[in-house]
Amino acid sequence: MALLDTSRSAAHSSFSGIFARLLDAISAWNDLRTTRNALAKLSDRELADIGLSRYEAENIGR
């Protein structure tokens, strides 16, 4: 009986680990998307003030 309980918890933690990594990946993707969108709204002058070119702003995280 103890073996079955251990197997179940291992399988459950494996699934939750995969699910957590998936959520982390989605969250990271959304953060980069939001950042790129915010930078796209800035003028070239504003980008230069923070040390970025238009090319760098468009390709952050790619």
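The values are calculated or read from the model by the stated rules, or taken from the named source; none is laboratory data. On a predicted model such as this, the values are computed, not experimentally measured, just so you know. So basically every Cβ, Gly included, is an ideal-geometry build from the backbone, and we count neighbours across all protein chains shown.
Things worth noting here:
- Subset tally (residues that are among the small types (G, A, S) and at pLDDT 95 or above) for segment 1-27: 2
- Search result, residues across segment 21-62 that are surrounded by 11 or more Cβ atoms within 10 Å (Cβ to Cβ) and of a type in the set (A, V, I, L, M): A28, L32, L39, A40, L42, L47, A48, L52, A57, I60
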